[in-house]
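To start, the structure itself, in structure tokens.
Please treat every number below as a calculation from the coordinates, not as lab data. What you see is a predicted model; the values in this text were computed from it and never measured. Neighbour counts run over all protein chains shown; Cβ positions are idealised from the backbone, glycine included.
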Amino acid sequence: MTRTATPGRPRSETARLAVLHAVEDMLVETGYSAMTMKGIAERAGVGRQTVYRWWPTKAHILIEACADDARTVLTVTAHQDPVRTITDFLVALVQFLTTSAAGAAYRALLGEAQHDAEVAGLFDKAELLAGPARAALEHVRRHFPGMPQDRLAAAELCGPIVLIVISGGSPPSFRDLRAHADRLAAAWA
């Protein structure tokens, strides 16, 4: 029995993770505009061909790194109290945006998306915050018959927090986050 070879080598998970970690580290150290595909490959300890084979641009790498981390960090446990579930998500969102390399990547990509249509398309398609927000909202939807469609509900949930953080304001306190969750619950009831 002969086996047909597939084109190219299989993607190495070790190399993939090295590249994702390298791009996040470089973003924090040097910023988005200073990063190059060559620098990312060198930092990750992989060949430049490997990087280009899997990702056409540094934005693609950052999107993947950010999406992996966002899914992990922004996954919350559903509680009996739906406001607690929403508050837990908001606390995770603030931590993601303000303390993680992935949050820095999110902010950099958001800025880049304002003047690069390709990055804007990648950013929109990846739904870096909207996907995890919708997952959290699914836990509480049955409690809130007035909750708008997924996209709007996710924007209502995340929008004020993202605005505060990207505007350079102090991160909201737990009390502020709980108050935001209470206001949403009252509006959606």
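Values as computed for the structure displayed
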read-out	value
Selection within the stretch 145-181 - touching a residue at least 40 places away in the same chain (Cβ under 8 Å), of a type in the set (A, V, I, L, M) and buried (at least 16 other Cβ atoms within 10 Å of the Cβ)	Met147, Leu157, Ile161, Val162, Val165, Leu177, Ala181
Some residue of the stretch 121-134 being in a loop (DSSP other than H, G, I, E, B) and either surrounded by fewer than 18 Cβ atoms within 10 Å (Cβ to Cβ) or polar (S, T, N, Q) (or both)	yes
Residue under evaluation Arg71, criteria (1) without any contact (Cβ under 8 Å) to a residue 40 or more places away in the chain; (2) under 22 Å from Gly121 (Cβ atoms), criterion not met	(1)
Elements of type helices (runs of 4 or more DSSP H) contained in the stretch 1-105, each with 1 or more residues being of a type in the set (Phe, Trp, Tyr) and surrounded by fewer than 18 Cβ atoms within 10 Å (Cβ to Cβ)	48-54
Search result, residues across the stretch 115-144 that are within 16 Å of Asp81 (Cα to Cα), in contact with a Leu (Cβ under 8 Å, 6 or more places away or on another chain) and either of a type in the set (Val, Ile, Thr) or without any contact (Cβ under 8 Å) to a residue 60 or more places away in the chain (or both)	Leu137
